[in-house]
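Asks: Got a structure for you, questions after.
Just so it is clear, none of the values below were taken in a lab; they were calculated from the coordinates. Remember, predicted model here, so these are calculated numbers, not experimental data. A quick note on method: Cβ atoms are made from the backbone with ideal geometry, for glycine too, and the neighbour counts reach across all protein chains shown.
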Amino acid sequence: MKTGMSGWAQIHGWRGNTSLAKRIEFDLYYIQNWSLLLDVKIVVLTLVKGFINKNAY
């Protein structure tokens, strides 16, 4: 899968210097449960909370 600017793991705070195992867990959830609605939810949540997370760079 190609990487993007945000993702299921990132909007849940698993980015930057955080647990690689947790990021992989969330990425696998995304791959197994992909839908257009899930992508829309990621975009909305990125705008709402993705830019204010303490692990955001």
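Asks: Could you tell me what a quarter of the Cα convex hull surface of region 8-50 works out to, in nm² with one decimal place?
Replies: Taking a quarter of the hull surface, the average projection is 2.8 nm².
Asks: Taking θ as phi - 60°, what are the ³J(HN,Hα) couplings along region 14-21 by the Karplus curve (6.51, -1.76, 1.60), each to the nearest whole Hz, with x for Gly and Pro?
Replies: So the J values, rounded to whole Hz, are 9, 8, x, 8, 10, 4, 5, 4.
Asks: Tell me, Ser6, Ser35 in order of fewest to most beta-carbon neighbours within 10 Å?
Replies: Listed from fewest to most nearby Cβ atoms, that is Ser35, Ser6.
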